[in-house]
Amino acid sequence: MVINDAELVREAQRGDAASLGILLERQQAALYALALRLLAHGSEAQDAVQEAFLIALGEIDQVRHPEAVGGWLRTVVRNVCLRRLRERQKEIPLEEVPQRVESGFSESSAEEAIDRLAMREWVWTALAELPEALRVTAILRYFGSYASYEEIATILGVPVGTVRSRLNQVKAKLAAALLKTAGLEHDEARLLAKSRIRHFGEATEEYNRGESYEMLTSGFSEDFVWTYADGTVGRGHAFLDGFAEDLEVGIKMRLTNVLASKDVTVVEGRFENPHDDPSHCPPATSLVYFYRDGRIHLVRQYYAPRPEEDRRDHSR
């Protein structure tokens, strides 16, 4: 029997980390798609989702309406991303700040969330699996009485930057461990993810062999829309000429990540350009597919920035 999201929230609020893991696994693709839209291609979007997972771990008990947990999680991700944008751009217009789903929800960092985790027993177990250097740093920061990175750096005899780096690794590993607690091989999200991973893997291999791109586009609706981060928009199958061009010149894409949920799939990969045209495509891409009635009706594509030399060449 498939447990709905609201029941997973209630179980998580009773201290069951596995239920929270299942919930986050179901929502991961949609949350990552949102982070990509706000922060564009790159590790920062992944970091934002990991941070949001840890905030959810610390604040899931504040969700007053379990049926609205999807919106609550999206608000957490948006707030994390907007805070990072403020740090990057110094200022975000007030009208861009989203309304909070829960009156009790407050924007906070992953570190603040870890400080007050409801599932501390689970966290201790997860920390025990970390390498000693990471484990000791995390214990000093989250469970000790040391308020600053400088104090921890002095105790450990390492630079402050090393403390920050280790804590970033801890947050990433805790987020990954939380997903692993899901552990249900027959959960609907996992079955769907396996199916989509297999489909896009086989379709990409067919494309890389230079045979066809039909399998890659077989799930598109007739009136699908394709958008890029720069605002360019294309509609319908006439927009797929780029696939044919790339296929003809010998572009290949090596998949690096596929995340899937019922309505969203994120596909990421590295491009391999032909030797005679090494700058044809950027280094990597993230493609976000949105489904409606089982068909892809919207695609958002993000590219990794080109190396500095390539950008200079293309600007001439």
(request) Quick one: residue 198 ticks every box in (1) surrounded by 12 or more Cβ atoms within 10 Å (Cβ to Cβ); (2) under 30 Å from residue 5 (Cβ atoms) except a single one, so which number is it? (result) (1)
(request) State the number of residues belonging to region 240-267 that are part of a helix (DSSP H, G or I) and either surrounded by fewer than 16 Cβ atoms within 10 Å (Cβ to Cβ) or not assigned by TED's automatic domain parsing to the domain that holds residue 200 (or both). (result) 6
(message) Just checking, does region 212-222 include any residue being out of contact with any Pro (no Cβ under 8 Å at 6 or more places or on another chain), under 23 Å from residue 39 (Cα atoms) and either surrounded by 13 or more Cβ atoms within 10 Å (Cβ to Cβ) or not assigned by TED's automatic domain parsing to the domain that holds residue 22 (or both)?
(response) no
(request) Enumerate the pairs (first residue in region 12-37 and surrounded by fewer than 24 Cβ atoms within 10 Å (Cβ to Cβ); second residue anywhere and modelled with pLDDT of 90 or more and among the basic types (Lys, Arg)) with beta-carbon separation below 7 Å, excluding pairs fewer than 6 apart on the same chain, so at least 6 apart or on different chains. (result) 34/74; 34/78; 37/300
(message) Tally up the residues in region 268-283 that are assigned to a strand (DSSP E or B) and either closer than 14 Å to residue 300 by Cα or modelled with pLDDT under 90 (or both), please.
(response) 1
(request) Give 58, 71 a once-over and let me know the one that is modelled with pLDDT of 85 or more and part of a helix (DSSP H, G or I). (result) 71
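Here's the yes/no breakdown for (1) at pLDDT 90 or above; (2) out of contact with any Lys or Arg (no Cβ under 6 Å at 6 or more places or on another chain); (3) under 30 Å from residue 26 (Cα atoms); (4) outside any strand (DSSP E or B):
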{"residue": "194", "(1), (2), (3), (4)": "no, yes, yes, yes"}
{"residue": "199", "(1), (2), (3), (4)": "yes, yes, yes, yes"}
{"residue": "204", "(1), (2), (3), (4)": "yes, yes, yes, yes"}
{"residue": "215", "(1), (2), (3), (4)": "yes, yes, yes, yes"}
{"residue": "223", "(1), (2), (3), (4)": "no, yes, yes, no"}
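For every residue, the table says whether it meets (1) among the acidic types (Asp, Glu); (2) outside any helix (DSSP H, G or I).
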site: 137; (1), (2): no, no
site: 150; (1), (2): yes, no
site: 158; (1), (2): no, yes
site: 174; (1), (2): no, no
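The values are calculated or read from the model by the stated rules, or taken from the named source; none is laboratory data. Here the structure is a predicted model, which means the values were calculated and not measured. Glycine also receives a Cβ, built like all others from the backbone with ideal geometry; neighbour counts cover every protein chain displayed.
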